[in-house]
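The structure appears below as structure tokens.
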Amino acid sequence: MRASILGALFLAMAAGLGCGTSGGSGPPATYAVSGAVTGVSSAGVTVTLSGAGTGTTTTRAGGVYSFTGLSDGTYTVTPGQTGITFLPASTSATVSGADVAGKDFYSTPAVTYQFSRAWGTFGSGDGQFHFGSGGTSAVAGGVAVDAAGNVYVADWGNSRIQKFDSSGNFLAKWGSFGAGDGQLSSPIGIAIAPDGDVLVAESGNNRIQRFTSGGAFVAKWGTRGTGDGQFANPNGVAVAQNGTIYVADTFNSRIQQFDSAGTFVRKWGTMGLGNGQFQLVYGIAVSAAGRVHATDFGGCRVEVFDANGVFETKFGSTGVGDSQFAYPMGVSFDADGNLFVADFDNDRIVEYVPTDVYVRQWGSTGSGNGQFDGPYSVAADASGNVYVADTRNSRIQKFVRVPAG
């Protein structure tokens, strides 16, 4: 009898029965939703949960956050901070028997770009431009900004470089039509090296020339052809912070890399629409991290490579929507790593954050302030102001970055 009682007791204990229990399955399981906020703002960001449950938390060191104790259901996570735009603005998280991680956001200043000034008319005088035939048919025009805020313009049809201060006041010019040292034929791409030298891609002479900031000839390299160090109408040039030079070899549908002295290092790209291929590569820019962004004119996209030409990603398609293009041309980074794309036939500038996510755009077709007719090239200065070569309007436009609202 005693053995039977003890046996029953052990069975009850194994079944979880006894004092203070009801024989049920215990409390329901709960889960967590987590992620991180990166960018200009990380720690101290307020994150709100809504939907199947509600809650508020604040990001910790490293921008991480988490909501715990959640039951199955669909939730919306929304970060918020004054003066900051978050990408995405909010995200959905569906809990179904497991934790949900990786609900991440990128933070960038909430700004707009306001028209500041414009300068230039069609012609050959100081401060005038010849970007196309008769000032009506756009061909090309390059723009770059040095560390002091001076603006350099590749004046295509006038075979020269013009230099201005940040307000558009004419400072200097150099170049004349020809193939000699310091002469130019269809200068298009223009970039500033870390030492302040000016590099120019000449489509007509199929070469790169290097000048001092005052216009003195320094060096040249390139001839027409398909070999290493040869070009077929190069349209873009960019310089990395370590002095490495990248050239958009447009009609060879490739990018060529050179050291700071102009010695060939490597090349990549062929004609096509596959990853790492181009249907005419026009604009090129290098981020502070060394990532190379190039516009694929015919493919209506931007392709991204590491510093050695290894394909990483791409974005864009044909159209007028957000992150769509109608013949993208020039590209440029600002000091914060944001990318600007001159969307030529859509007559606008499109901006992306350093994670290659679309954030905003501005511009429309016309000749008024802030309007464009064939924006070919774009450049940003150290303060985040943006300059655009507005080719069919034969002018440069400057836009200043101001807080939104």
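Within the accessible surface of the chain, defined with a 1.4 Å probe on protein heavy atoms only, the carbon and sulfur portion equals 51 percent.
Extent along the principal axes, Cα only, for the chain: 116, 47, 36 Å, with the longest axis given first. When the pairs K173/K267; K163/K398; K220/K267; K220/K398; K267/K314; K220/K314 are compared against a 23 Å limit on Cα-Cα distance, K173/K267; K220/K398; K220/K314 fall above it. Other residues whose C-beta falls under 15 angstrom from the C-beta of Q230 contribute a net charge of +3, scoring Lys and Arg +1 and Asp and Glu -1. Seen from A382, the other residues with C-beta closer than 11 Å to its C-beta sum to a net charge of -4, counting Lys and Arg as +1 and Asp and Glu as -1. Under 19 Å of direct C-alpha separation, and excluding same-chain neighbours fewer than eight residues apart, K103 reaches these aspartates and glutamates: D72, D356.
Taking Cβ atoms as reference points and 11 Å as the exclusive limit, the residues near S332 contribute a net charge of -3, counting Lys and Arg as +1 and Asp and Glu as -1. Springs between alpha-carbon atoms under 10 Å, Gaussian network over the chain: tell me which of A29, A193, A144 tops the mean-square fluctuations. Looking only at A29, A193, A144, the largest GNM fluctuation is found for A29. The protection proxy used here, the mean number of other Cβ atoms lying within 10 Å of each residue, ranks peptides 209-215, 362-368 as follows, highest first: 209-215, 362-368.
Find the centroid of the Cα atoms in region 138-209 and in region 95-122, then give the distance between the two in whole Å. If we compute the Cα centre of each part, the gap is 31 Å. Multiplying the residue separation of Q241 and D99 by 0.36 nm and subtracting their alpha-carbon distance yields 46.9 nm. Return one number: the angle in degrees, 0 to 90 and rounded to the nearest 10, between the long axis of the Cα atoms of helix 2-14 and the longest principal axis of the Cα atoms of the chain. Tilt relative to the chain: about 20 degrees. When each of the peptides 95-101, 73-79 is scored by how many other beta carbons lie within 10 Å of its residues on average, the order from highest to lowest is 73-79, 95-101. With the alpha-carbon atoms of region 36-157 aligned to their principal axes, the span from lowest to highest coordinate is 71, 30, 20 Å, starting with the largest.
The values are calculated or read from the model by the stated rules, or taken from the named source; none is laboratory data. The model shown is predicted, which means the values in this text are computed figures rather than measured ones. As a convention, Cβ positions derive from the backbone with ideal geometry for all residues, glycine included, and neighbour counts pool all protein chains shown. Side chains are part of the model used for accessible areas, which takes the heavy atoms of the whole protein and leaves out ligands, DNA and RNA. Shrake-Rupley method; radii C 1.70, N 1.55, O 1.52, S 1.80 Å.
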